[in-house]
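To keep things clear, I will list the structure first and then write my remarks on it.
The values are calculated or read from the model by the stated rules, or taken from the named source; none is laboratory data. As the structure is a computational prediction, the values presented were derived from the model and not from experiment. Neighbour counts are summed over all protein chains in view; Cβ atoms, including those assigned to glycine, are modelled from backbone coordinates with ideal geometry.
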Amino acid sequence: MRFELDEEHQAFRKVVREFAEAEIAPHAAAWDEAAVFPTDAVRKMGDLGLFALPFPEEAGGMGGDFTSLCVAIEEVGRVDQSLGITLEAAVGLGINPIYTFGTQHQKETHLPDLLAGRALAGFGLTEPEAGSDAGATRTKAELDGEEWVINGSKAFITNAGTELTSLVTVTARTGEGQISTIIVPAGTAGFTVEPPYRKMGWHASDTRGLVFEDCRVPKANLLGERGRGLQQFLAILDDGRIAIAALAVGLSQACLELSVDYAATRRTFGRPIGANQGVAFQVADLQVMVDASRMLTYRAAALRDAGRPIRQAAAVAKLYATEAAVSATRIATQIHGGAGFMESSQVARLYRDAKVLEIGEGTSEIQRLVISRELGLPVL
């Protein structure tokens, strides 16, 4: 039983941290304030190989493992949650479906640019009336000769409208009780990408609604087996939950580091505030949250790399790490006092970024449902 990363993963963490500190951290606040998508930084992440990490070399990947991806997401998310989710969604929801379910032609067409970070892909599942209840999808796709004709809309889709976006995959009803997944290239007639949302957090991440009005794509753009779109997505989602947990670990780690530094340097009544038990104990709680979140996350990643079942472990990691991250931002803001309430403070940005971690890729309530079912309870 191991309780820390091996030397190879620790060395990789050092590489990503140095990159994040040099190329992302100095600009994260400005990107957040301007709500701009940092295209050049994403390309540099591609040059470092981050988008190709968990895929085999024969597919054009780096030949790494899922644990390496979690390390990268954690370290990027430690300095900028927006770029952390850009990486997580690009790999988990953009590349992974095509790598896992795509035909050889689809892989040869799309994977080279996606793995290199020259292009991004979005995954259109959520709809205005179909979020946690993904089976309530209303978007339809009907065959007309050799083309799919798609009509409907999607909401809250990540990486769907950047200048790097080359495609989105969308779930759609292709028959009675049948949901399939279809690749829609960017710029296809009848496919409209709506303006970016104004969000509480993740300001530098691209999130948009999608509209399909008699959008036609080739029949060959079906991704995977017809009628298996929902099952395909649920399989992909288990990986994504571990990756979101890693993103939450990065946020909690940032809260811990900022709080230790502030508690050691901020002085009141002639001494550092960290000399007061009321503050010191809060910092200690942050350390516990970080350690527990990281252990649960990398346990799930290790299970995934070993080819073992991960559904319950992924849900446990996602549930605990994301709820801990929200608590960590509250504690860090309290430690920073009035300074933490100012938008110029990094903890203020972390506070805004944290809440969505409990929502994306399965809400906390859905995680509890998954865990309950995995325990054998007949939960509806």
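A few remarks follow.
Residues are listed down the side, and each one gets a yes or a no for (1) assigned by TED's automatic domain parsing to the domain that holds ILE95; (2) out of contact with any Ser or Thr (no Cβ under 6 Å at 6 or more places or on another chain); (3) among the charged types (D, E, K, R); (4) under 21 Å from PRO112 (Cβ atoms):
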| residue | (1), (2), (3), (4) |
| --- | --- |
| THR137 | no, no, no, no |
| ALA141 | no, no, no, no |
| GLY145 | no, yes, no, no |
| TRP148 | no, yes, no, no |
| SER153 | no, yes, no, no |
| VAL168 | no, yes, no, yes |
| THR174 | no, no, no, no |
| SER180 | no, no, no, no |
| ILE183 | no, no, no, yes |
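- Residues that are buried (at least 21 other Cβ atoms within 10 Å of the Cβ) and either within 23 Å of ARG266 (Cβ to Cβ) or not assigned by TED's automatic domain parsing to the domain that holds VAL279 (or both), drawn from the stretch 354-380: ALA354
- Filtering MET295, MET342 for residues that are hydrophobic (A, V, I, L, M, F, W, C) and without any contact (Cβ under 8 Å) to a residue 24 or more places away in the chain leaves a single hit, MET342.
- Scanning the stretch 172-224 for residues that are under 25 Å from LEU111 (Cα atoms), within 24 Å of the chain's Cα centre (by Cα) and of a type in the set (Lys, Arg) gives a single hit, ARG208.
- Qualifying positions in the stretch 93-107 - closer than 26 Å to ALA204 by Cβ and in contact (Cβ under 8 Å) with a residue 60 or more places away in the chain: LEU93, GLY94, ASN96, PRO97, ILE98
- Any hit, the stretch 323-346, residues being more than 20 Å from GLN81 (Cβ to Cβ) and buried (at least 16 other Cβ atoms within 10 Å of the Cβ): no
- Qualifying residue in the stretch 327-350 (condition: touching a His at 6+ places or on another chain (Cβ under 8 Å) and not β-branched (Val, Ile, Thr)): yes
- Which listed residue is in the same structural domain as VAL91 (by TED's automatic domain parsing) and either acidic (Asp, Glu) or loosely packed, with under 13 Cβ neighbours inside 10 Å (or both), from ALA30, ALA25, ALA20, ALA41: ALA30
- Within the stretch 45-92, considering residues that are free of Cβ contacts under 8 Å to residues at least 40 places away in the same chain and at positive phi, the one surrounded by the most Cβ atoms within 10 Å (Cβ to Cβ): GLY49
- Whichever residue in the stretch 165-198 is closer than 23 Å to PHE51 by Cβ, out of contact with any Lys or Arg (no Cβ under 7 Å at 6 or more places or on another chain) and not polar (S, T, N, Q) and, among such residues, is surrounded by the fewest Cβ atoms within 10 Å (Cβ to Cβ): GLY187
Residues are listed down the side, and each one gets a yes or a no for (1) in the same structural domain as ARG304 (by TED's automatic domain parsing); (2) without any contact (Cβ under 8 Å) to a residue 60 or more places away in the chain:
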residue: VAL193; (1), (2): no, yes
residue: VAL211; (1), (2): no, yes
residue: ARG216; (1), (2): no, no
residue: LEU237; (1), (2): yes, no
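- Residue within the stretch 202-224 that is hydrophobic (A, V, I, L, M, F, W, C), modelled with pLDDT of 95 or more and surrounded by fewer than 18 Cβ atoms within 10 Å (Cβ to Cβ) present: yes
- Residue list for the stretch 213-255, restricted to those being not acidic (Asp, Glu) and not in a helix (DSSP H, G or I): CYS215, ARG216, VAL217, PRO218, LEU222, LEU223, GLY224, ARG226, GLY227, ARG228
- Restricting the search to strands (runs of 3 or more DSSP E) fully inside the stretch 157-211 and requiring at least 1 residues that are aromatic (Phe, Trp, Tyr) gives 191-193.
- Test result for THR126, surrounded by fewer than 24 Cβ atoms within 10 Å (Cβ to Cβ), within 20 Å of ALA52 (Cβ to Cβ) and without any contact (Cβ under 8 Å) to a residue 40 or more places away in the chain: no
- Within the stretch 340-380, the residues that satisfy the criterion of being in a loop (DSSP other than H, G, I, E, B), farther than 19 Å from GLN312 by Cβ and among the hydrophobic types (A, V, I, L, M, F, W, C) are MET342, ILE359.
- Among (1) in contact with a Phe, Trp or Tyr (Cβ under 8 Å, 6 or more places away or on another chain); (2) closer than 30 Å to VAL149 by Cα; (3) surrounded by fewer than 20 Cβ atoms within 10 Å (Cβ to Cβ), the one test that MET295 misses: (2)
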